[in-house]
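J.: Take this structure first; my questions come after.
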Amino acid sequence: MLGLLLLAFALSMDAFAASVCQGAVQRNPGSLAIRIGLVFGAAQGLMPLIGWSLSLAFASVIDAVDHWIALILLSFLGARMIREGLAREPGECAPPIAGWHLFVAAIATSIDAAAAGVTLPMLGLPILLACGVIGATTALVSAGGVLLGSAAGTRFGKPAELLGGAVLIGLGVKIFIQHQFLGG
């Protein structure tokens, strides 16, 4: 369960960074926090189900190399988050989002959750529980990010994205070591 919570927090860091920026540029953070939390949480909760479904469809091919897939996908996603975090200037934010733009932002920040969904069977937890935890974590983290951004500005978005990337890489390495060397 700890692995799932770490994965959920790591996956929510893109949404958190976007939420902090939105909180910093909006005037009514309360309703925005609820709206962004719900939309980002729903997208982040559904995307792993897509990745998990693909892993089931190709289970016979994936079984022998699942630990390699986890290592490569999670490391790639983590490295991408770190690269994007380092490239972003402190305080750099997107303009305010609403309507379809909010939906597009939610999908964009949750694409990594679909890729991570391929690795969910290795956690040994029910898929609906995993998707629920990932979605709820992202909803809470995103809503909190809007409120934090409103109160403190944009200074927390970049460090959160860097930490999230490092956690994803760490999870990929953990899964690889467990499956390759510890028979897990």
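J.: Mind ordering 3-11, 15-23 by average Cβ neighbours within 10 Å, highest first?
T.: 15-23, 3-11
J.: I need the peptides 142-152, 68-78 ranked by packing, meaning the mean over residues of other C-beta atoms within 10 angstrom, with the highest value on top. Walk me through the numbers on the way to the answer.
T.: Values: 142-152: 22.0, 68-78: 20.4.
The peptides rank, most packed first, as 142-152, 68-78.
J.: While we're on this one: I need the calculated FRET efficiency for the pair residue 57 and residue 31, taking r as the beta carbon distance and R₀ as 41 Å, to the nearest 0.05.
T.: After rounding to 0.05, the efficiency reads 0.55.
J.: Something else: For region 2-181, what mean projected area does the convex hull of the alpha carbons give, in nm²?
T.: So the mean shadow area of the Cα hull is 9.5 nm².
J.: Once you put a point 7 Å from the Cα of residue 104 and another 7 Å from the Cα of residue 128, both along the Cβ direction, what distance in nm separates them?
T.: 3.4
The numbers here are math on the coordinates, done by the rules we state, and not lab data. All values derive from a computational prediction rather than experimental measurement. Virtual Cβ from ideal backbone geometry, glycine too; neighbours counted across all protein chains shown.
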